[in-house]
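Novice: Have a look at this one before I ask anything.
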Amino acid sequence: MTFKPPAFMIEEDFAIYNEKRKEHLTGSYLKEFDKSPALCHGTMTGKFVRAETPALEFGTKFHKYVLERHDFDRDYVSEPDGKNFPNSKGEVTDKFRATKKYKEWVKALGDKRLIDLDDLELLEMLDASIKTHKIAKKMLSKGCSERVIRAELHGVKCQIRIDHFNPDYGIIDLKSCNNLDAFQYDIPKFGYPTSGVFYRDVFQAASKEFFPPNYYLVAVEKKPPYRTGIWKFSEDVMELIGEMNKKNIKHFKECSDSGVWPLGYESINTYEYI
């Protein structure tokens, strides 16, 4: 049976979602706030601009390729090799991007973005890995992807954009990594519990369901053997992080109301490690 997303799960262009980040707390902002309220506020207001790193750019391609293939095919074009763009002498060289024919071809692409063959081959490998993992394949074979949800938590307007939702499982967050054996150490390093519990709580607040959805991380290696793994946080972790998030969200509201955004490290710290 086809899943029909409920009304609170909004299909929205990313540009609109990104614009509304100025007035809504997100999972990434909450992680920044935990580090420094001033950093969070500076990012929200545009004072601090996040750099577009190669890892973030690849992550965007990865999500579109796996979760929104139609959009990927619409937005990206694989770069052809130099055989299609000989120079004025009819010679094929590795400098084909400097040829007039190549520049005209790129100009004709319009808003489409180029993706090199190495990246495209890697995306195919990651997608194949997910599809050979029985549980991961099942998780992503039903439901909807890239839906926006907004709700209020502790007096603060919040929004999330979930990678995928499967009504039989819950929220699925898709990640790529270099080494699946080390991924469990990346989980706290990149604040995945903070954002995961935030997603769960915003979803629950918007749906008004008593029982919150489960939250899963599906991670795929970007290097051989391209393994796929799935993680689910324990109830103890969810409860602990939930209390920490609640404290930070209330503090966020206090900062918003007062207009005072501390840098962090205002108190004296005790060093006790040898």
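The values are calculated or read from the model by the stated rules, or taken from the named source; none is laboratory data. Being a predicted model, the structure only gives us computed values, none of them experimental. Virtual Cβ from ideal backbone geometry, glycine too; neighbours counted across all protein chains shown. Only protein heavy atoms, including side chains, enter the accessible area calculation; ligands, DNA and RNA are left aside. Shrake-Rupley method; radii C 1.70, N 1.55, O 1.52, S 1.80 Å.
Novice: Specify which of the listed residues (Val92, Val66, Val77) is out of contact with any Asp or Glu (no Cβ under 7 Å at 6 or more places or on another chain), outside any loop (DSSP other than H, G, I, E, B) and of a type in the set (Val, Ile, Thr). Please lay out each step first, then the result.
Specialist: Numbers: Val92 fails: outside any loop (DSSP other than H, G, I, E, B); Val66 fails: out of contact with any Asp or Glu (no Cβ under 7 Å at 6 or more places or on another chain).
Within the list Val92, Val66, Val77, the selection yields Val77.
Novice: Pairs please, first residue from the range 67-78 and open to solvent by less than 80 Å² (accessible area, probe 1.4 Å), second anywhere and small (Gly, Ala, Ser) and outside any helix (DSSP H, G or I), Cβ atoms under 7 Å, 6+ apart in sequence or on different chains.
Specialist: Leu67/Ser145; Glu68/Ser145
Novice: Okay, next question. Could you list, in sequence order, the residues of the range 231-274 that are touching a Leu at 6+ places or on another chain (Cβ under 9 Å), open to solvent by 90 Å² or more (accessible area, probe 1.4 Å) and either aromatic (Phe, Trp, Tyr) or farther than 30 Å from Asn214 by Cβ (or both)?
Specialist: Listed by number, the list holds a single entry, Leu263.
Novice: Looking only at helices (runs of 4 or more DSSP H) that fall completely inside the range 130-227, which ones have 1 or more residues that are in contact (Cβ under 8 Å) with a residue 60 or more places away in the chain? Break it down into steps so the answer makes sense when it comes.
Specialist: Values: elements: 134-140, 183-189, 192-207.
Per the criteria, 134-140, 192-207.
Novice: Considering only residues that are open to solvent by 10 Å² or more (accessible area, probe 1.4 Å) and either in contact with a helix residue (DSSP H, G or I) (Cβ under 9 Å, 6 or more places away or on another chain) or assigned to a strand (DSSP E or B) (or both), which ones fall in the range 111-128?
Specialist: Asp111, Lys112, Arg113, Leu114, Asp119, Leu120, Leu122, Glu124, Asp127
Novice: Here's something else I'd like to know. Within the range 19-28, is even one residue open to solvent by less than 50 Å² (accessible area, probe 1.4 Å) and of a type in the set (Lys, Arg)?
Specialist: Of the residues in the range 19-28, the ones open to solvent by less than 50 Å² (accessible area, probe 1.4 Å) are 21, 24-28.
If we keep only those that are of a type in the set (Lys, Arg) too, we end up with 21.
Yes, some residue in the range 19-28 is open to solvent by less than 50 Å² (accessible area, probe 1.4 Å) and of a type in the set (Lys, Arg).
Novice: Checking the conditions here, which among Leu174, Leu114 is modelled with pLDDT under 95 and either within 24 Å of Tyr226 (Cβ to Cβ) or out of contact with any Phe, Trp or Tyr (no Cβ under 7 Å at 6 or more places or on another chain) (or both)?
Specialist: Working: Leu174 fails: modelled with pLDDT under 95.
So the residue among Leu174, Leu114 that is modelled with pLDDT under 95 and either within 24 Å of Tyr226 (Cβ to Cβ) or out of contact with any Phe, Trp or Tyr (no Cβ under 7 Å at 6 or more places or on another chain) (or both) is Leu114.
Novice: For the range 22-56, which residues satisfy the criterion of being within 17 Å of the chain's Cα centre (by Cα), modelled with pLDDT of 95 or more and assigned to a loop (DSSP other than H, G, I, E, B)?
Specialist: Result: His24, Thr26.
Novice: Sticking with this structure for a sec: Out of the residues in the range 234-271 that are over 26 Å from the mean Cα position of the chain (by Cα) and among the polar types (S, T, N, Q), which is modelled with the highest pLDDT?
Specialist: Per the criteria, the residue is Ser258.
Novice: Something else: Which is within 16 Å of Leu114 (Cα to Cα), surrounded by 11 or more Cβ atoms within 10 Å (Cβ to Cβ), among the charged types (D, E, K, R) and touching a residue at least 40 places away in the same chain (Cβ under 8 Å), of Lys35, Lys61? Can you show your working first?
Specialist: Details: Lys35 fails: within 16 Å of Leu114 (Cα to Cα).
Residue meeting the stated conditions: Lys61.
Novice: Further question on the same structure: Can you tell me which residue among Lys107, Lys138 is at pLDDT 90 or above, open to solvent by 30 Å² or more (accessible area, probe 1.4 Å), charged (D, E, K, R) and over 19 Å from the mean Cα position of the chain (by Cα)? Steps first, please.
Specialist: Values: Lys107 fails: at pLDDT 90 or above.
It is Lys138.
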